[in-house]
1. Step by step: first the residues of segment 155-173, then only those that are of a type in the set (Gly, Ala, Ser) and either at pLDDT below 80 or part of a loop (DSSP other than H, G, I, E, B) (or both), then the one that is nearest to Asp39 (Cα to Cα). Which residue is that?
2. Kindly indicate which of Ala33, Ala24 is hydrophobic (A, V, I, L, M, F, W, C), modelled with pLDDT of 65 or more and farther than 21 Å from Arg126 by Cα.
3. Does segment 145-154 include one or more residues that are within 30 Å of Tyr59 (Cβ to Cβ), at pLDDT 90 or above and outside any helix (DSSP H, G or I)?
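The values are calculated or read from the model by the stated rules, or taken from the named source; none is laboratory data. Keep in mind that what you see is a predicted model, and the values were worked out from it rather than measured. Here the Cβ is made from the backbone with ideal geometry for all residues, glycine too, and neighbour counts use every protein chain on show.
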Amino acid sequence: MVAFFFLPEIFQPGRMLGVLLLLAYAWVTLVYAELCKPDAQNAFKVRLSIKTALGDDAYTWDASEEYLFKAMVAFAMRRYSSQEATQTSNVLLCNVTDRVSFWFVVTDSSTNVTAIPRNEVEAAIRMNRNRINSAFLLSDETLQFLKISSTLAPPAEQSTPTWLIVFGVVLCIIVAGLIFLIISGIQQRKRHNKMPEETDGFEEKCETVMTMENGIPCDTLDLKAGQINRVYTAADDERFTPL
């Protein structure tokens, strides 16, 4: 009798709506629990070593950090699939431990009760791994996505192409070599032109040399045509002079 007495109150419109919402929440919670659990089909385990990475500057893992992680995963999914429907509410965390490890799964925004396939989540994490690491001041070694291989940062694109740098260096070497050859040729030509002038000057100097014979200055010595010493000529002339 008592149960039948309360049945009309339960089926009142306001109370009926509250009961339906409570049942829906319990059902969604139960579904989420099946989606996000250790070793679930589309779940991933994450392990953070904050103390090891930052030492005395290590921060505490709390609800705000969990929200940041959800936001970064949602950001990664948006960039990978170009879909803006993914929200932080679509990223579920479970089995969070004090040593900062947990499992997460990403639900489909259209249904919110099914998980996005594992390969899509893995590709999105790999694509945006560096952005996620930077958000938590960690690296691939201290922010580990188990069963997701680490990725290296894309190499920084140089503003100047490498081939252009090599071409510039080779061109500078060629130009320097040409300048050296030109200067060497000019110097050799100057030395070659100066040598005949020095020889002519030496011959002219020799031609004007005054010879001395027994303290008596002789005539100018002509190196080219020769010169007769008149002292000996005079002596020869006197020997053949008639008495």
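1. Ala156
2. Step by step, each of Ala33, Ala24 is checked, and only Ala33 is hydrophobic (A, V, I, L, M, F, W, C), modelled with pLDDT of 65 or more and farther than 21 Å from Arg126 by Cα.
3. yes
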